[in-house]
Amino acid sequence: MAERLLGDRYKVEGKIGAGGMAIVYRAKDTLLERTVAIKVLREQFVTDEAFVKRFRREAQAAASLSHPNIVSIYDVGRDGDIDYIVMEYIHGQTLKDIIRSNGPLETLDAVNLVYQVGEALRHAHANNIIHRDIKPQNILVTSDGRAKVTDFGIARAVTSATLTHTGDIIGSVHYLSPEQARGALVTEQSDIYSLGIILYELITGQLPYDGDTPISIALKHLQEIPQMPGQLGNSEELDGVILRAIAKSTNDRYLNAKEFLDDLSRVRAGQQVSYRPNLHDDDMTVLHRGMANQVNRGANAHQSGGMAGNRAGNPGNMGNMGSMGNLSPEPQKKKGRRLKIGRFEIAPYVIILPCVAILAAIVAMYFFVDYLKGSEREVPDLSGLTEVEARSKLEGVKMTLSNDVDAKYSDEVAVDKIIEQIPAPHTMVKGPREVKVTISLGTANLEMPSVTGITLDEAYELLERNGFSKGQVEVERRTDDRVTEDRIISQSHAAKQSVSKNTKITLVVSSGASIILPDFSGEDYVNAERILKEKGILKVEVLARMSPDKPVGAVLYTYPGAGSKITKETQVTVYYSSGPGPNP
């Protein structure tokens, strides 16, 4: 793709990122003379009508948005069999890279970043667009700390035609809302849930829900409540915000982005938020591990003064996995009809819920036994393979390649080749496994500094500060009447151009103003040699020639000839008379 001109306008300069569906390139808009990012649909999807429609839907959805915290869409087009979207080029890094590099952020820094993303979501939701895939990989942060949301590849305009249930579980499973995991209706609150997970990760430096497989992680979204940041030595005030943002039930979650932002504003101002959890309550400090624990708490609540379901929300939702672990406070409700067994009165759902738990346990046991039946197999080594080659190799051992592909620069591994994988090569695993890989973006691109007008030594120092090495620089010298000697006249790559880290750089250095060679005819050659050296000529050669009509030692002529423009590096040969007789 490098150097290709898309749409007779966008000159591709190099790859800067990759995902499961598309590859992102840096390019130059030759019409407006600005740098842009171009997202190109992966080759394997160009014949898939569903993927192409989804890809184009991204452009249509995102192009309608104009907000300082949303990456702008400039253009969309097709060149041959290439579908592409042209968007704003961001100088910065993904929020995921920041987390990996820095770990937990200071509370105020984390809140400020999440607040900006919340503002972006508020604008998108106001325009009836749900992102559906909010995760740190889709949030870019500029060098001055501005967050920019990108990748509306699975966004969808919320209209009467799209407000339907879907069976697709879309988005990265670590940030997936419970309703997405269940294949239920996705709303604005789904984006808020994902943003709450990100806030937790920024504060603690770790994900609230993690596991060996996507299914196990999705189940934790449905069943468990993570240890809160306040218990890890961070801000307890944020616990209420996070708990409400990641509530299992949408009934207990923030209704919209404005409510979420209002509480974040209170945190920034040092004020109390609308809901503050009791971190000493056992329900907050112990992970909820499975439906059986949830149901037992509900059944025992009859003896301790009320159903646990009244604390967690509508008891009727307890059979729905998405509402489990919901801890938002609720007012006490009137008692419903109760069954009388002997001397005891029992609520009907106290009987029903254990039955549900038993059924769930049987289903879980079935899958567990089925998993154990699978024979152990060795994860193959995918390093150095392309995604297509890796997918084929994994199919041979009944494994799959994850569509969530990471990418990073590498000086050792060629572009589009696999650098890392999870699980690691030669790991023994059971059952079907998905392998996640990181592919190489090739050698990192660096921004070329401006070195014209400075000395060669200064240029070496500046290039090294920007990641280049002295060994990749070639120097050409040229006479220039306008540029001082030893200063850079020109450079092979323009300033601010993105170039490969190992590219050859040519610098043209001034040898100073040109020298007009004097006419030394008839003068003593010793005097001519002295004058040339005083002018800085580095190479002067003196040769004798027989001359019957010139006195001995008199200059006959020079090469180059008198009046020639020369530099200090030019070799000048002075021919003088040796008198009559044979040439010495």
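The table that follows gives values for the structure above.
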quantity	calculated
Sites Arg34 and Glu378, calculated FRET efficiency, Cβ-Cβ separation with R0 56 Å, nearest 0.05	0.65
Integer Hz, Karplus 6.51/-1.76/1.60 couplings in order for region 214-220, x for Gly and Pro	x, 5, 5, 5, 4, 5, 5
Rounded accessible area per residue of region 49-132, 1.4 Å, Å²	45
Surface share of carbon and sulfur [accessible, 1.4 angstrom probe, percent] for region 429-584	48
Partners for Lys398 among aspartates and glutamates (Cα-Cα distance below 12 Å; same-chain residues under 8 apart left out)	Glu376, Glu378, Glu434
Mean accessible surface per residue for region 444-516, computed with a 1.4 Å probe while every protein chain stays in place, in Å²	54
Sequence-separation-based contact order of region 427-584, relative, with Cα cut under 8 Å and 6+ spacing, percent	20
Magnitude of the charge dipole, region 441-584, Cβ model with Lys/Arg +1 and Asp/Glu -1, debye to 20	300
In order through region 31-41: 3J(HN,Hα) via Karplus (6.51 cos²θ - 1.76 cosθ + 1.60), integer Hz, x for Gly, Pro	7, 9, 6, 9, 7, 9, 10, 10, 9, 10, 4
Peptides ranked, highest mean first, by Cβ atoms within 10 Å: ranges 242-252, 418-428, 176-186	242-252, 176-186, 418-428
Largest to smallest principal axis extent of the C-alpha atoms in region 72-145, angstrom	48, 30, 21
Under 5 Å, built H, 5+ apart or other chain: amide partners of Asp79	Tyr84
Partners for Lys539 among lysines (Cα-Cα distance below 24 Å; same-chain residues under 8 apart left out)	Lys565, Lys568
Cross-link reach list, lysines versus Lys39, counting only Cα pairs under 22 Å and skipping chain neighbours closer than eight places	Lys11, Lys15, Lys28, Lys53, Lys96, Lys135, Lys148, Lys408, Lys417, Lys436, Lys496
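The values are calculated or read from the model by the stated rules, or taken from the named source; none is laboratory data. Please read these numbers as outputs of a predicted model, since none were measured by experiment. Note that we place each Cβ from the backbone using ideal geometry, even for glycine, and neighbour counts take in every protein chain shown. To get the accessible areas, we keep the full protein, side chains included, count just its heavy atoms, and leave off ligands, DNA and RNA. Shrake-Rupley method; radii C 1.70, N 1.55, O 1.52, S 1.80 Å.
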